[in-house]
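The values are calculated or read from the model by the stated rules, or taken from the named source; none is laboratory data. Since this is a predicted model, take the numbers as computed values, not measurements. Here Cβ is always computed from backbone atoms with ideal geometry, including for glycine, and neighbour counts include all displayed protein chains. Quick note on the areas: whole protein, heavy atoms, side chains included, nothing else; ligands and nucleic acids left out. Shrake-Rupley method; radii C 1.70, N 1.55, O 1.52, S 1.80 Å.
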Amino acid sequence: VQLQACGGGLVQAGGSLRLSCAASGRTFSIPAMGWFRQAPGKARDFVATISWGGGNTDYADSVKGRFTISRDNAKNTVYLQMNSLKPEDTAVYYCAAAYNGGAVVTAMDSYDYWGQGTQVTVSS
């Protein structure tokens, strides 16, 4: 499976960005999808996850109410809509796929495939 993330950039605090992650390869299986982020000098942290059908989602407390994860299985693409961005949201954002039957999963080591990351920078 190959995951290609895009949509990052530089935005002012309070602004919005939408990240996309397109999957190719083993897409006939049923993955849960997730977004993680890693700020400079820090560990990679969970941001959001979505089940195969899109009916279940989970978010890190720090992004609840501001970020929305969604997916379009016909396009093999998962999205992360990020609103009300804060400087502390600055990080490299990674998408990931977990071939676990499609249930939401927050643990990083449960994910099987990772994208290359896209930089999000929020200025104050």
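Some notes on this structure:
- Hey, Asp45 modelled with pLDDT of 95 or more and over 12 Å from the mean Cα position of the chain (by Cα) or not: no
- The condition of being touching a strand residue (DSSP E or B) at 6+ places or on another chain (Cβ under 9 Å), among the β-branched types (Val, Ile, Thr), modelled with pLDDT under 95 and open to solvent by less than 60 Å² (accessible area, probe 1.4 Å) holds for Val104.
- Considered as a group, the residues in the range 12-29 that are part of a strand (DSSP E or B) and hydroxyl-bearing (Ser, Thr, Tyr) include one that is most open to solvent (accessible area, probe 1.4 Å), and that residue is Ser24.
- The range 107-120, subset of a type in the set (S, T, N, Q) and surrounded by 15 or more Cβ atoms within 10 Å (Cβ to Cβ), residue farthest from the chain's Cα centre (by Cα): Ser110
- Enumeration of residues in the range 73-82 that are within 17 Å of Gly117 (Cβ to Cβ) and either without any contact (Cβ under 8 Å) to a residue 40 or more places away in the chain or open to solvent by 10 Å² or more (accessible area, probe 1.4 Å) (or both): Thr77, Tyr79
- Pairing residues of the range 83-100 that are under 30 Å from Arg26 (Cα atoms) and open to solvent by 10 Å² or more (accessible area, probe 1.4 Å) with residues that are assigned to a loop (DSSP other than H, G, I, E, B) and of a type in the set (S, T, N, Q), at Cβ distances under 8 Å and at least 6 apart in sequence or on separate chains, gives Tyr94/Gln116; Tyr99/Ser29.
- Meets criteria (hydrophobic (A, V, I, L, M, F, W, C), closer than 16 Å to Gly7 by Cβ, open to solvent by 30 Å² or more (accessible area, probe 1.4 Å) and part of a strand (DSSP E or B)) for Val47: no
- Residue match in the range 85-95 (condition: at pLDDT 95 or above, basic (Lys, Arg) and out of contact with any Pro (no Cβ under 6 Å at 6 or more places or on another chain)): yes
- All positions within the range 63-72 that are in a loop (DSSP other than H, G, I, E, B) and surrounded by 15 or more Cβ atoms within 10 Å (Cβ to Cβ): Val63, Arg66
- Options Ala60, Ala32; residue that is open to solvent by less than 60 Å² (accessible area, probe 1.4 Å), within 15 Å of Leu3 (Cβ to Cβ) and either of a type outside the set (Lys, Arg) or touching a residue at least 60 places away in the same chain (Cβ under 8 Å) (or both): Ala32
- Whether a residue is under 14 Å from Gly117 (Cβ atoms) and among the aliphatic types (A, V, I, L, M) was assessed, and Val47 passes this test.
- Criterion violated by Gln2 - all others in (1) modelled with pLDDT of 95 or more; (2) more than 12 Å from Val120 (Cβ to Cβ); (3) surrounded by fewer than 20 Cβ atoms within 10 Å (Cβ to Cβ); (4) among the polar types (S, T, N, Q) satisfied: (1)
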